[in-house]
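Colleague: My structure is below; once you've seen it, I'll send some questions.
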């Protein structure tokens, strides 16, 4: 199995809201900064997964309007990065959306007319996620309300094409690819486990925004829909990763960043990060 982190753009900026639940004096030394407003490197994009007879994308970035985002470099490059891997749009036969925030589902369509970017791909979205974005409940959270129109239009385009696949709980797509429920950031957020030759990688979506979140599950982004559920999901995935000695990847991590997870002598989850992800730019 091969996993490729594909970018749809990158920004540098303060992200103190990622660490709600801890004072700056607590999280700054762990993150590697001395000022809570030190710019962090933030990637937007997703992952291409191959090797099981399918071509699967996990999340699809900001989309064709990415260049409108202030301060973004490399905006809207996800299709070109996928093509650079030798993957044509028609080769992609599965897309897993971890959730439907606008920076994760953008390239489901390639224009304002709703033309599908990957015309053959079945799109897997948790049924709670679909129901939430189609309901009036989304209007209760300003952060989500601002993304609702984009999510709904993309859901409609995929559903009209007969390519929407909804599910609840776990869903195994192949012997190597398993969708895991990790609700909390949004009502139907999911992660994806990729297993091959005794090794496991977990593509965590927005369950984690920074590697520090693996060992500090209570440091939450302020935009989480259900903070208590987010903590439970983080703890469960961290334990799963530790027990399998898995690696964790997430779309907002700088490229390349791989977080290896295991347990220390005291049984606590511990991590080793393979790249420098401190805040200094």
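Colleague: Could you let me know the centre-to-centre spacing of segment 164-191 and segment 227-256, using Cα atoms, in angstrom?
Modeller: Segment 164-191 and segment 227-256 have Cα centres spaced 14 Å from each other.
Colleague: How would you classify segment 69-111 from its alpha-carbon gyration tensor, with a ≥ b ≥ c the square roots of the eigenvalues: rounded for a/c under 1.5, else prolate if a/b is greater than b/c, otherwise oblate?
Modeller: It comes out oblate by the Cα gyration axes.
Colleague: As a test, work out the antiparallel percent of DSSP beta bridges whose residues both lie in segment 122-191, rounded to the nearest 5.
Modeller: 50 percent
Colleague: Moving on to the next point. Please check: in the Gaussian network model of the chain (C-alpha springs, under 10 Å), which one of 251, 89, 221 has the largest mean-square fluctuation.
Modeller: Fluctuation is largest for 89.
Colleague: Suppose a student asked you for the relative contact order of segment 56-146, using Cα pairs under 8 Å spaced at least 6 residues apart; what percent would you report? Don't jump to the answer; show the numbers that get you there.
Modeller: Details: 119 pairs, mean separation 28.6, N = 91.
The value is 31 percent.
Colleague: Please grab the % of Cα pairs in segment 177-281 that end up more than 20 Å from each other.
Modeller: I get 34 percent for the Cα pairs in segment 177-281 exceeding 20 Å.
Colleague: I've got another one for you. Considering only the chain, what is the antiparallel percent among its DSSP beta bridges, to the nearest 5?
Modeller: Of all bridge pairs located within the chain, approximately 75 percent are antiparallel.
Colleague: Highest GNM mean-square fluctuation, the chain, Cα pairs closer than 10 Å: which of 173, 220, 57?
Modeller: Checking each option, the largest mean-square fluctuation is seen for 173.
Colleague: Let me ask another. Taking 0.36 nm per residue of separation and subtracting the Cα-Cα distance, what length does fully extending residue 164 through residue 262 add? If you can, show how the numbers build up before the last one.
Modeller: Details: separation 98, 0.36 × 98 = 35.28 nm, distance 3.60 nm.
Between residue 164 and residue 262, full extension yields 31.7 nm more.
Colleague: Now for a different question. How big is D for segment 1-59, in µm² s⁻¹ as a whole number, if Stokes-Einstein is applied with the Kirkwood radius of its Cα pairs at 10 °C and 1.306 mPa s?
Modeller: 116 µm²/s
Colleague: Another question about this same structure. Would you mind checking the tilt of helix 227-244 against the longest principal axis of the Cα atoms of the chain, expressed as 0 to 90 degrees and rounded to 10?
Modeller: 80 degrees
Colleague: Could you give the angle, 0 to 90 degrees to the nearest 10, between helix 148-160's Cα long axis and the longest principal axis of the Cα atoms of the chain?
Modeller: Tilt of helix 148-160: around 50 degrees.
Colleague: Also, quick follow-up: So which residue, out of 136, 91, 262, gets the largest mean-square fluctuation from a GNM of the chain using Cα contacts under 10 Å as springs?
Modeller: Of 136, 91, 262, the most mobile in the Gaussian network model is 136.
Colleague: On to the next question. Taking the alpha carbon gyration tensor of segment 15-168, what are the square roots of 5 times its eigenvalues, largest first, to the nearest whole Å?
Modeller: Working from the Cα gyration tensor, I get semi-axes of 29, 20, 15 Å.
Colleague: By count of other Cβ within 10 Å, fewest leading, how are 156, 110 ordered?
Modeller: 156, 110
Colleague: Also: Can you classify the chain as rounded, prolate or oblate using the Cα gyration tensor, where a ≥ b ≥ c are the square roots of its eigenvalues, rounded means a/c under 1.5, and otherwise it's prolate if a/b beats b/c and oblate if not?
Modeller: rounded
Colleague: Run the helix sum for the chain: -39,500 (n - 2.57) per DSSP H stretch of 4+ residues, divided by residue count, reported at 222 nm to the nearest 500 deg cm²/dmol.
Modeller: Dividing the helical sum by the residues of the chain leaves -6500 deg cm²/dmol.
We did not get these values from a lab; they are worked out from the coordinates using the rules stated. Here the structure is a predicted model, which means the values were calculated and not measured. So basically every Cβ, Gly included, is an ideal-geometry build from the backbone, and we count neighbours across all protein chains shown.
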